[in-house]
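Here's the structure, in structure tokens; my notes come after.
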Amino acid sequence: MRTRKKIFGFVAGFVCRHPWKIVVAALLVAVISGVYAATTIRLNANLDELVSEKLDYHRNYLEFLREFGDEEYLYVVVDAGDELGRAKLFMEELGGKLSGMPGIEQVIWKIENPALEKGFLLYLSPKELKTLGSMLTEGPFSVKRIASWNGFAPMFGALADRIARPVSTEDEAELTTGFTFIDGLLSDMTAALESGAPYRSRLQELFFGGGESFDPDGFLKNGPLLLMLIMPTKDYTTASVIEKPLAEIRQALSETRANCPGLDAGLTGRPVLSADEMETSNRDMTFATLLAVALVALIFIVSFRGVARPLCAVASLVMGIAWTFGFLALAVGTLNILTSVFALILVAASIEYSIYIVGRYEEELARTGDVALAVKETLTTTAMAQLTSAVTTTAAFLTLMWTDFLAIAELGLVSAAGIMLCLASMLFVLPAMLVIRDRRMSAAALKKVRSFDLPWLPPIYRRPNVVLGVALVLVAAAAPFAFRIGFDNNLLNLQARGLESVKYEH
């Protein structure tokens, strides 16, 4: 205790002797840190790098990506409804605009697309593939068997023989498939003879009972929805990974929608959701941090009934945050969707140090009227308690570094370092600013400082049984609600409300 008191006494003497040197040096380091961070820190928007590769499932996933590449498409979704014709024209127009556009590697909206034709079987389920295999190679109605017949007579003869025998469950399924094939074939023949309609491929409908992966014209669909798959070039050093191509795709989509008014169409997919998530989180975190600093300053000013000292406290907090940005640039070098909130954490967790220091400093000023003595008493009493508080908070953040979620681990490291850097600013820079501001004032003027106090609080302390009783009642009243808390693992529910990408993902 005596050793710590001597150390803080030395710090107080140093601050009172060299206040300008401390403030100028701190400001210089803050500027250098801010410039270095702004030119060095890169944004890591690759969500696959937020989890440790030591985990088996994630390592296997990354190896899969390295082997086969990133196949996460963007999806244009069009609700055709009763306007299937207009929806198809919309898809054709949009596909024409996007095909060959720089930054877009692939656009698929019809089965005629060569990229899709090569991988057609990849879009079928294992059950559909098994059915297709049996249709091609097995049974009296297999393609191989039909190709060996001359005319339809043998086919109908084989069908009649099969019908004459007792029908088992396997026979029933095979007969259903066979009749479906014949019915579709006859329908196509009748339509072609009666109306001269062009040939329409019914391959999927004949084999799989009218599945909806493609419509008769080859358009990708799911029920009433037409789908377009887009593979953009991805740059993980940008805020949204697909920042430039996404803007161009949305521009083309907007222009096409203008040509087809009333048609419900939008863009979604995991890359779009991630891009919107990064954009909204960065914008909201920047706004929230600035708002937090402004509100803290306002509350500080109102509570302490002054302007200069609260603004000194906020300025020292901002310097500490700037130093933390420099540490982030040196130690980590990247900013992800979670570490981007560290500044807001520091505003909330570190401002209390300056509140205690300014409060105790004004209390000592009102008692002694001596700036140097007030600084010494503040640092040798309150500052030691703040150091303990900061160390415990730092230890709590450092425990996050033992998680396999790298984004959380980095947030823990940066926040822990930021807490200590902000505390250093409060212990050196803030007292130095207070000395510069107050040392030219007379003792009589300094004694007029109205220290921060809460006159209604001491009477409460004198009734501990009442306080504990009220606390227990509140705990009992709140306890039942604890069992109503559930876990929501749907990441869509974490997105900002009203996003087009979220709407069409649903």
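The values are calculated or read from the model by the stated rules, or taken from the named source; none is laboratory data. In this text the structure is predicted, and so the values were computed from the model without any measurement. Don't worry about glycine lacking a Cβ; one is built from the backbone with ideal geometry, like all the others, and counts go over all protein chains shown. When the accessible area is computed, the model is the full protein with side chains, heavy atoms only, and any ligands, DNA or RNA have been set aside. Shrake-Rupley method; radii C 1.70, N 1.55, O 1.52, S 1.80 Å.
Within segment 24-36, is there a residue that is small (G, A, S) and open to solvent by 70 Å² or more (accessible area, probe 1.4 Å)?
For segment 24-36, residues small (G, A, S) and open to solvent by 70 Å² or more (accessible area, probe 1.4 Å): absent.
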Checklist entry - Which of the residues spanning segment 441-465 are exposed (fewer than 10 other Cβ atoms within 10 Å of the Cβ) and within 24 Å of E364 (Cα to Cα)? => result S442, A444, L454, P455, W456, L457, P458, P459, Y461
Checklist entry - With respect to L468, is the statement that it is open to solvent by 40 Å² or more (accessible area, probe 1.4 Å) and over 30 Å from I301 (Cα atoms) true? => result yes
Checklist entry - What pairs can you find where one residue is in segment 59-74 and modelled with pLDDT of 80 or more, the other is surrounded by fewer than 14 Cβ atoms within 10 Å (Cβ to Cβ) and part of a helix (DSSP H, G or I), and their Cβ atoms are less than 8 Å apart, with a gap of 6+ or different chains? => result Y61/D48; L62/D48
Checklist outcome for this item: When every residue in segment 259-282 that is over 10 Å from the mean Cα position of the chain (by Cα) and among the polar types (S, T, N, Q) is compared, the one most open to solvent (accessible area, probe 1.4 Å) is N259
Item to check | F325 assigned to a helix (DSSP H, G or I), in contact (Cβ under 8 Å) with a residue 40 or more places away in the chain and closer than 27 Å to L27 by Cβ | outcome: yes
Next on the checklist: Any residue at all in segment 490-500 that's open to solvent by 80 Å² or more (accessible area, probe 1.4 Å), under 28 Å from I351 (Cβ atoms) and either assigned to a helix (DSSP H, G or I) or of a type in the set (A, V, I, L, M) (or both)?
Outcome noted: yes
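Might you let me know whether segment 245-260 holds any residue that is touching a helix residue (DSSP H, G or I) at 6+ places or on another chain (Cβ under 6 Å) and more than 30 Å from G103 (Cα to Cα)?
no
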Next on the checklist: Exactly one condition in (1) open to solvent by 90 Å² or more (accessible area, probe 1.4 Å); (2) of a type in the set (S, T, N, Q); (3) in contact with a Ser or Thr (Cβ under 6 Å, 6 or more places away or on another chain) is false for N44; which is it?
Outcome noted: (1)
Checklist entry - If you take just the helices (runs of 4 or more DSSP H) that sit entirely in segment 329-440, which of them hold at least 2 residues that are in contact with a strand residue (DSSP E or B) (Cβ under 9 Å, 6 or more places away or on another chain), over 23 Å from E53 (Cβ atoms) and open to solvent by 40 Å² or more (accessible area, probe 1.4 Å)? => result none
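Of all residues in segment 5-23, which are open to solvent by 100 Å² or more (accessible area, probe 1.4 Å) and either modelled with pLDDT under 85 or more than 24 Å from R440 (Cβ to Cβ) (or both)? Full working, then the answer.
Going through segment 5-23, the residues open to solvent by 100 Å² or more (accessible area, probe 1.4 Å) turn out to be 5-6, 10, 17, 20-21.
Scanning segment 5-23 gives K5, K6, F10.
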Checklist entry - Across segment 206-233, what is the number of residues that are assigned to a strand (DSSP E or B) and modelled with pLDDT under 80? => result 1
Next on the checklist: Any residue in segment 81-109 that is open to solvent by less than 60 Å² (accessible area, probe 1.4 Å) sitting within a Cβ distance under 7 Å of a residue that is in a loop (DSSP other than H, G, I, E, B) and of a type in the set (S, T, Y)? List the pairs, counting only those 6 or more apart or interchain.
Outcome noted: G103/T233; V107/S99
